[in-house]
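Okay, so here's the structure we're looking at.
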Amino acid sequence: MTYKVGQILYILSKKNAGAIIPVQVVEQVTHKKMSGEEIAYIVTPFNDQTKEFELSNIIGEIYSDLNSLRETMLSRTTVTIDEVILKAAENAKNFKQQKSPDLPQESKDDNDALTHKPEESHRQLYGETQHSVKLPDGTVAHIRHG
C-alpha cells in the first residue's frame, strides 16, 4: 500500500483491543538496493507528535479512512453477536419442551434471529454487492459497490 506524506491513517490496535490510534505519515523513506527498492513510512501518533515510528513495525491493522474501519468493526461485532445468540439457542435446546397454554410459543421472529444475516439485508436494501480483496500485506479488504 502506498501513502502520502501528511496523510492521516487509523490503526486498529491488536495490542490494545478496540483502540483506534490516528497517526500521520511524516516521512517516506526509499531504500534502493541491489535486490530492489523498498519504501518505508514513518508516522507520528496524535497523542505524542515528538515520537516517530516505522509504520511496518506497528502492531495493528492500518486503515486510510474511517468508513472502512467502521465497516470492519461492525462486521466483527455482528459475527460475535450472532455467535453468542446461536450458542444461547443451542443451550436452550437442552430444556425439555413442554406444551402448555400458559407458556408463550417460540415465534417465527425468534427463528429468524438465528438465521438473519445483516449483511444480506443491507445489500438487498441498498442494492450493493461486496467483494473481498487480499492486499499484499495480508489484510483482507471488503469492497462494496452498487
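In what order do 46, 95, 53 fall by count of nearby beta-carbon atoms within 10 Å, going from fewest to most?
Numbers: 46 10, 95 7, 53 15.
Ascending number of Cβ neighbours within 10 Å: 95, 46, 53.
Counting Lys and Arg as +1 and Asp and Glu as -1, what is the net charge of the other residues whose Cβ lies under 14 Å from the Cβ of residue 28? Intermediate values should be presented prior to the final figure.
Details: positive: 4, 32; negative: 27, 37, 38, 52, 54.
Summing Lys/Arg as +1 and Asp/Glu as -1 gives -3.
Skipping prolines and chain starts, which residues have an amide H placed within reach, meaning under 5 Å, of the one on residue 7, given they are 5 or more residues away or on another chain?
Result for residue 7 returns 25.
What ranking of 44, 78 emerges when the number of other C-beta atoms within 10 Å of each C-beta is taken as an exposure proxy, fewest first?
The fewest-first ordering by Cβ neighbours comes to 78, 44.
At a 10 Å Cβ-Cβ cut-off, how would you order 75, 56, 35, fewest neighbours first?
If I rank by nearby Cβ atoms, fewest first, I get 35, 56, 75.
If you take every residue apart from residue 4 with its C-beta less than 15 Å away from the C-beta of residue 4, what net charge results, scoring Lys and Arg +1 and Asp and Glu -1?
Residues near residue 4 contribute -2 overall.
Given contacts defined as C-alpha pairs under 8 Å and at least six residues apart, what's the relative contact order of segment 8-63, whole-number percent?
Details: 103 pairs, mean separation 20.1, N = 56.
36 percent.
For segment 8-63, divide the Cα radius of gyration by the Kirkwood radius and give the resulting Rg/Rh value with two decimals.
Across segment 8-63, the Cα-based Rg/Rh ratio is 1.04.
Each reported figure results from applying straightforward, stated rules to the coordinates on display, with no laboratory input. None of these values were measured; they are calculated from a predicted model. No Cβ is skipped: glycine too gets one built from the backbone with ideal geometry, and neighbour counts run over all protein chains shown.
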